[in-house]
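Here's the structure we're looking at; comments come further down.
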Amino acid sequence: MDVKKIYMDADALLEGHFKLSSGNHSQFYLQSAKVLEDPKTAKLLADTLAKQIKESGLEIDTVCAPALGGLIAGFALATALDVRSIFAERVNGEMSIRRGFEIKPGEKVLMCEDIITTGGSAMEAAKVVEALGGEIVGVAALANRGFCHRQNSDITTKANCKLPQNIPFFALADFTFEMYAPDECPLCKDGSEAIKPGSRGN
Ligand code: ZN
């Protein structure tokens with residue numbers, strides 16, 4: 001499956017000068033919502049990811065996605081795996097599990113994002129799941145930004161990866177473009193202003 005082509009065809013791989021949620025700047029931005037606006041594409045991606053996860057033999061009771069970014073990918077993946085689908089959301093900046101979702105002691109939970117960059121949001125949500133008694137058995141994402149090692153890829157884990165190294169990370173593709181600290185960003189040095197994706201019609 002050529003995931004990069006699917007993102008390009010959906011105009012979901014944006015080029016410009018972007019401020020990422022981590023605060024870093026980048027020339028490219030992946031807008032997964034654009035890929036997932038076609039439910040057939042969402043299903044195809046989730047089915048392919050689910051196949052990879054099933055082949056690994058990992059046992060999963062529930063998929064948990066951090067809102068908003070992971071919601072559609074999480075739901076589609078849970079559908080493909082035929083397991084429960086829940087989500088975590090931020091309340092006053094703190095990740096929490098609400099909406100009456102319950103987690104049984106020892107429930108095996110797979111965290112799911114659209115894109116894993118450092119995995120920060122996924123791990124924040126994972127801590128909440130663990131505090132409620134759940135066991136995090138793996139992480140899944142449609143795409144990997146190349147900072148964390150994943151199954152079936154020779155990409156090595158970088159220092160800023162926040163995913164635990166003792167559980168598997170599944171993704172369909174690696175998108176390894178540069179990310180810059182704002183004071184080292186060559187695009188800023190060229191005089192342009194970084195925009196927050198989604199804030200100006202993108
Ligand atoms: Zn910049």
Query raised in the report: Could we say that Gly106 is small (Gly, Ala, Ser) and more than 16 Å from the ligand (Cβ to nearest atom) here?
Result: yes
Query raised in the report: Which members of region 20-38 meet the condition of being out of contact with any helix residue (DSSP H, G or I) (no Cβ under 8 Å at 6 or more places or on another chain) and either part of a strand (DSSP E or B) or within 12 Å of the ligand (Cβ to nearest atom) (or both)?
Result: Leu20, Ser26, Phe28, Tyr29
Requested in this report: Identify, by number, the condition in (1) open to solvent by less than 50 Å² (accessible area, probe 1.4 Å); (2) within 18 Å of Phe169 (Cα to Cα); (3) modelled with pLDDT of 95 or more that His17 doesn't meet.
Outcome: (2)
**Report entry** Single unsatisfied condition, Thr156 versus (1) open to solvent by less than 30 Å² (accessible area, probe 1.4 Å); (2) touching a His at 6+ places or on another chain (Cβ under 7 Å)
**Finding:** (1)
Query raised in the report: Got at least one residue in region 143-150 being more than 18 Å from Asp114 (Cβ to Cβ), away from the ligand (no atom under 11 Å from the Cβ) and open to solvent by 30 Å² or more (accessible area, probe 1.4 Å)?
Result: yes
**Report entry** Those residues of region 176-192 which are in a loop (DSSP other than H, G, I, E, B) and either at pLDDT 95 or above or within 16 Å of the ligand (Cβ to nearest atom) (or both), in sequence order
**Finding:** Phe177, Glu178, Met179, Ala181, Cys185, Asp190, Gly191, Ser192
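The values are calculated or read from the model by the stated rules, or taken from the named source; none is laboratory data. Every value quoted in this text rests on a predicted model; they were computed, and no experiment measured them. A quick note on method: Cβ atoms are made from the backbone with ideal geometry, for glycine too, and the neighbour counts reach across all protein chains shown. Accessible surface is based on the protein model in full, side chains and every heavy atom, while ligands, DNA and RNA are left aside. Shrake-Rupley method; radii C 1.70, N 1.55, O 1.52, S 1.80 Å.
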